[in-house]
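Chemist: My questions will all concern the structure given below.
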Number of protein chains: 2
Amino acid sequence: MPIIVKQAANLLDLFEFFATTGRPASLAELSEHFGWPKSSTFNLITTLVERGFLYEPRPRQGFYPTPRWLNLAQEIAHAEPLPDSLQDFLRDLARLSKETVWLAGSAGQHAVFLSVIESPHAIRYTAQPGKRVPMHATATGQALLCQMPDQRRAVLLRNATYERFGSGTPMTAGEVEAIIQQSLKRGWFMSASAYSQDLGGVSVPLPLNGRMLSATVAGPLFRMGSLMEETAVQMQAAVKRHFGKDYFNRHLPALHQLP
Amino acid sequence: MPIIVKQAANLLDLFEFFATTGRPASLAELSEHFGWPKSSTFNLITTLVERGFLYEPRPRQGFYPTPRWLNLAQEIAHAEPLPDSLQDFLRDLARLSKETVWLAGSAGQHAVFLSVIESPHAIRYTAQPGKRVPMHATATGQALLCQMPDQRRAVLLRNATYERFGSGTPMTAGEVEAIIQQSLKRGWFMSASAYSQDLGGVSVPLPLNGRMLSATVAGPLFRMGSLMEETAVQMQAAVKRHFGKDYFNRHLPALHQLP
DNA sequence: CAGTTTAGTTCATATATAAAGACCAAATGT
DNA sequence: ACATTTGGTCTTTATATATGAACTAAACTG
């Protein structure tokens with residue numbers, strides 16, 4: 001249903017492939033690995049080479065991405081950075097909670113993870129930047145939704161596709177809206193197996209100079225279950241420490257402030 | 001003639017676009033900027049969003065690449081790094097020569113710039129990682145060619161397309177081979193307007209743990225013209241400083257060593 | 001060094017896809 | 001509150017493109 005541009009997606013696959021293998025790869029290897037016809041693989045590689053994104057570190061030992069990727073990615077990240085204060089804040093959360101923590105933004109009907117610090121526990125929630133979860137069915141997403149103008153939120157929730165992911169998945173726009181209002185009154189957003197099985201999490205909205213973000217702490221329900229309220233208090237305190245005592249008053253008056 | 005995968009190239013264009021503008025862009029903006037139909041632009045953006053490579057920093061203010069790009073690029077760069085010693089070496093060359101210096105590897109018939117430090121002079125040679133120049137017609141490329149097994153070099157030179165770029169461009173495989181032999185005997189590779197007009201440069205081959213690299217110092221001919229020999233001596237000395245006194249003996253016995 | 005296997009390249013064509021245009025929604029201005 | 005403009009989405013189809021197959025060149029192997 002969604003229109004995927006095949007060769008753009010293939011290029012991303014290739015990019016991810018090199019990131020995980022970390023080794024040069026020959027045409028034959030790539031063709032084999034992805035199940036692409038040799039000729040197609042050839043064309044794609046040629047394109048990348050022509051544009052200076054792929055080279056041969058060692059003669060006849062295969063191709064590898066040039067530092068150009070890193071260069072461009074750094075320029076991009078540098079121009080519209082997640083402020084250092086945010087990274088500090090995240091690190092703080094990670095340290096206090098010992099669970100996996102992340103920052104998310106929005107993209108259509110989904111929340112996208114922008115920065116992740118994984119828990120040190122062996123059993124933990126695992127994710128990386130770029131991971132997407134449905135906005136309406138997750139605490140992370142709801143903490144984004146609550147920052148939108150009412151009208152836009154209404155539109156988004158109307159167009160959402162309501163699928164049952166777990167026991168607590170909301171199935172109508174009304175339900176989601178109710179959860180959001182209730183969460184604002186409570187002061188934090190909660191998820192407990194609504195989207196990811198056995199996952200418990202606490203999210204807070206985090207508007208920052210016009211950017212619409214949210215922060216989440218999450219882990220296995222058996223660890224998080226009883227600690228949610230406590231985690232929420234910690235999170236709000238951390239927000240105030242990092243972004244100013246009156247941060248919520250100024251940017252999120254609708255959110256209940258915990259003691 | 002070369003087969004370019006259009007949508008892969010478009011994706012690269014988009015990537016580069018964000019790196020240069022550094023701002024979020026809406027579908028309409030992108031469509032307008034590239035002259036792509038709205039529908040095509042939509043499809044491409046959708047693909048990127050679906051894969052977690054694009055998000056909306058601010059509601060309705062357009063899309064921007066997620067940190068995922070940076071993440072992957074860092075993993076890639078980290079797994080097969082240009083050693084720090086190489087970067088130090090480059091910096092040293094830049095400081096000594098006050099000209100633009102770079103490191104290059106090979107990709108098909110071209111040399112690709114992997115790392116560049118630009119001259120502080122207002123009039124200087126400008127380049128960035130990913131830039132490609134024909135292997136047979138540049139000092140940078142010839143310094144790579146000389147490291148190949150004779151047979152591979154022969155094949156490459158046979159398949160090369162000989163185009164006249166400037167006064168000194170070699171036009172046959174034989175000419176290139178002669179230049180290479182002569183340069184090895186001299187101890188360094190020279191270019192003077194053979195490919196880039198008014199550009200003078202000195203290159204040395206730089207094989208490093210199996211990798212086939214070359215280093216080049218280049219600037220406008222009016223500055224470099226009389227300093228080539230001197231620059232070459234400095235470069236060889238720098239190589240010995242950074243990679244060991246007997247580096248050339250061990251890795252490049254064919255290269256004449258300057259006093 | 002000849003024979004065999006593997007790797008890379010080219011090309012015609014069936015097929016998947018990019019794009020034109022119509023449509024819809026939501027801001028913005030009056 | 002209405003009209004207008006702007007931004008985003010959907011669908012159909014002509015067309016550009018991905019690919020199978022055939023080919024060439026290089027690397028092994030005994």
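None of the figures in this text is laboratory data; all of them are computed from the coordinates on show. If you're wondering where the values come from, they're calculated on a predicted model, not measured in any experiment. Cβ: placed from backbone, ideal geometry, glycine included. Neighbour counts: every protein chain shown.
Chemist: What percent does the relative contact order of the range B:6-75 come to when contacts are Cα pairs within less than 8 Å and at least six residues apart?
Modeler: Answer for the range B:6-75 is 29 percent.
Chemist: Expressed as a fraction of 2.2 N^0.38 Å, the rule-of-thumb size for a compact globular protein of N residues, what is the C-alpha radius of gyration of chain B?
Modeler: Compactness ratio reported: 1.17.
Chemist: If you take the C-alpha gyration tensor of the range A:70-193, multiply each eigenvalue by 5 and take the square root, what semi-axes do you get, largest first, in whole Å?
Modeler: Largest first, the range A:70-193 gives 26, 19, 14 Å.
Chemist: State, to one decimal in nm, how far the label point of A:Ala254 lies from the label point of A:Gln182, with both points 7 Å from Cα in the Cβ direction.
Modeler: The two pseudo-label positions are separated by 1.7 nm.
Chemist: Right, next: If I model a spin label at A:Arg91 and A:Arg164 as a point 7 Å from the Cα along the Cα→Cβ vector, what separation in nanometres do I get?
Modeler: Distance between label points: 4.6 nm.
Chemist: Could you name the lysines in cross-link range of A:Lys38, using Cα to Cα under 25 Å and dropping any fewer than eight places away on the same chain?
Modeler: The reachable lysines, counting only those whose Cα sits under 25 Å from A:Lys38, are A:Lys6, B:Lys6.
Chemist: Starting from the Cα of A:Lys240, draw a straight line to each of the lysines and keep only those under 21 Å, dropping any in the same chain fewer than 8 residues away.
Modeler: Of all the lysines, those that pass the test against A:Lys240 - Cα under 21 Å, at least 8 places apart if same chain - are A:Lys98, A:Lys185.
Chemist: Neighbouring Cβ atoms within 10 Å as the yardstick, rank B:Glu29, B:Glu177 fewest first.
Modeler: B:Glu29, B:Glu177
Chemist: While we're here: Sort A:Val49, A:Val155 by Cβ crowding within 10 Å, fewest neighbours at the top.
Modeler: A:Val155, A:Val49
Chemist: Okay, next question. How far, in degrees from 0 to 90, does helix A:150-159 lean away from the longest principal axis of the Cα atoms of chain A, to the nearest 10?
Modeler: Its long axis makes an angle of about 60 degrees.
Chemist: Work out the P(r) tail for the protein assembly as shown: percent of alpha carbon pairs separated by more than 35 Å, whole number.
Modeler: 45 percent
Chemist: To continue, here is another question. Considering only C-alpha atoms, what is the centroid distance from the range B:4-60 to the range B:192-233, in Å?
Modeler: Value for the Cα centre distance between the two parts: 38 Å.
Chemist: Between B:Arg164 and the same site in the other copies, what are the distances in nm, shortest first, taking label points 7 Å from Cα along the C-beta direction?
Modeler: Its label point is 7.8 nm from the equivalent points in the other copies.
Chemist: Could you work out the longest stretch of chain A that avoids the trypsin sites (Lys or Arg not before Pro) located in DSSP loops with at most 16 other Cβ atoms within 10 Å?
Modeler: A:165-244
Chemist: Now, a different point. To the nearest Å, what is the center-to-center distance of the range A:83-142 and the range B:111-165, using C-alpha atoms only?
Modeler: So the two Cα centres are separated by 44 Å.
Chemist: Separate question: Taking the Cα centre of the range B:81-251 as origin, work out the dipole magnitude from +1 charges on Lys and Arg Cβ and -1 charges on Asp and Glu Cβ, in debye rounded to 20.
Modeler: For the range B:81-251, the charge dipole is close to 200 debye.
Chemist: Over all residues in B:207-214, what is the mean tally of Cβ atoms on other chains that come within 10 Å of each residue's Cβ?
Modeler: What the average comes to for B:207-214 is 2.
Chemist: Given a cut-off of under 8 Å on Cα pairs at least six residues apart, what relative contact order in percent is computed for chain B?
Modeler: Normalised by residue count, the contact order of chain B is 14 percent.
Chemist: What number results when the radius of gyration of the range A:6-75, computed over Cα atoms, is divided by 2.2 N^0.38 Å?
Modeler: Cα-based Rg divided by the globular estimate yields 1.04.
Chemist: Please arrange A:Met224, A:Met171, B:Met135 by how many other C-beta atoms lie within 10 Å of their C-beta, fewest to most.
Modeler: Ascending Cβ contact count within 10 Å gives the list A:Met171, A:Met224, B:Met135.
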